[in-house]
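Read the structure below first, then the notes.
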Amino acid sequence: MRGMRFDAGVKDTRPFDLFGASLLGGAVTALTLAFNRGAAWGWSSTPIIALIAGALVAFAALVPVERASPAPVLPRIAVTDAAIRWGTLTRGLLNGVHMGNFVVLPLYLMDVAHMGPVAVSLALAPRPLAMGIASPLASRLAGFTSAPRLTVFAALSMLVGAS
């Protein structure tokens, strides 16, 4: 990958980017806490709004901090290339929704649809099986098509699987 070096056995003497790591860790922690406590504290409550605003400010501040750092926490290309930055954000949001579905759907099926644990497990079993089958197929498809087409195919597959 352009701009990234993986030199085994070579010691990196650049200083650790403590400020960048703190911004990234603080942003992720604030966002996680906001999503975790949003329902309990109220989505429009002052603490939740402050946590989300703080996370957005920290993420926004992270870009110039990482650009200026001699040893950025994130690969420099992740903050300088707009396509990678937006692609990473989009993928992160999609992954958050997808993985959130793994937490919310079983609870919904048990609490609202009144299904037992065994029935919920059986109903959800096709998802990991489909992922296990799709993963090697996706790696083979990657050699025959472009990344944007593969991304659209993956998103459509997720949509079909969720319905």
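The values are calculated or read from the model by the stated rules, or taken from the named source; none is laboratory data. Source: prediction; values computed, not measured. Methodologically, a virtual Cβ is constructed for each residue, glycine included, from the backbone with ideal geometry; neighbour enumeration extends over all protein chains shown. Keep in mind that these areas ignore ligands, DNA and RNA; they rest on the heavy atoms of the full protein, side chains included. Shrake-Rupley method; radii C 1.70, N 1.55, O 1.52, S 1.80 Å.
Figures for the structure shown
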{"item": "Qualifying residue in the range 82-90 (condition: over 14 Å from the mean Cα position of the chain (by Cα) and free of Cβ contacts under 8 Å to residues at least 60 places away in the same chain)", "result": "yes"}
{"item": "Matching entry among 34, 113 (being in a helix (DSSP H, G or I), over 26 Å from residue 150 (Cα atoms) and at pLDDT 85 or above)", "result": "34"}
{"item": "Residue match in the range 19-29 (condition: at pLDDT below 90, exposed (fewer than 15 other Cβ atoms within 10 Å of the Cβ) and of a type outside the set (S, T, N, Q))", "result": "no"}
{"item": "The range 116-148: number of residues that are surrounded by fewer than 10 Cβ atoms within 10 Å (Cβ to Cβ) and outside any helix (DSSP H, G or I)", "result": "3"}
{"item": "Total residues in the range 23-73, condition in contact (Cβ under 8 Å) with a residue 40 or more places away in the chain and either in contact with a Leu (Cβ under 8 Å, 6 or more places away or on another chain) or on the phi > 0 side of the Ramachandran plot (or both)", "result": "6"}
{"item": "Tally, over the range 145-161, of residues that are among the small types (Gly, Ala, Ser) and over 19 Å from residue 84 (Cβ atoms)", "result": "2"}
{"item": "Test: residue 105 is surrounded by 13 or more Cβ atoms within 10 Å (Cβ to Cβ), modelled with pLDDT of 80 or more and closer than 26 Å to residue 15 by Cα", "result": "no"}
{"item": "Test: residue 63 is modelled with pLDDT of 80 or more and touching a helix residue (DSSP H, G or I) at 6+ places or on another chain (Cβ under 6 Å)", "result": "yes"}
{"item": "Candidates 71, 60, 39, filtered to the one that is among the hydrophobic types (A, V, I, L, M, F, W, C), open to solvent by less than 70 Å² (accessible area, probe 1.4 Å) and in a helix (DSSP H, G or I)", "result": "60"}
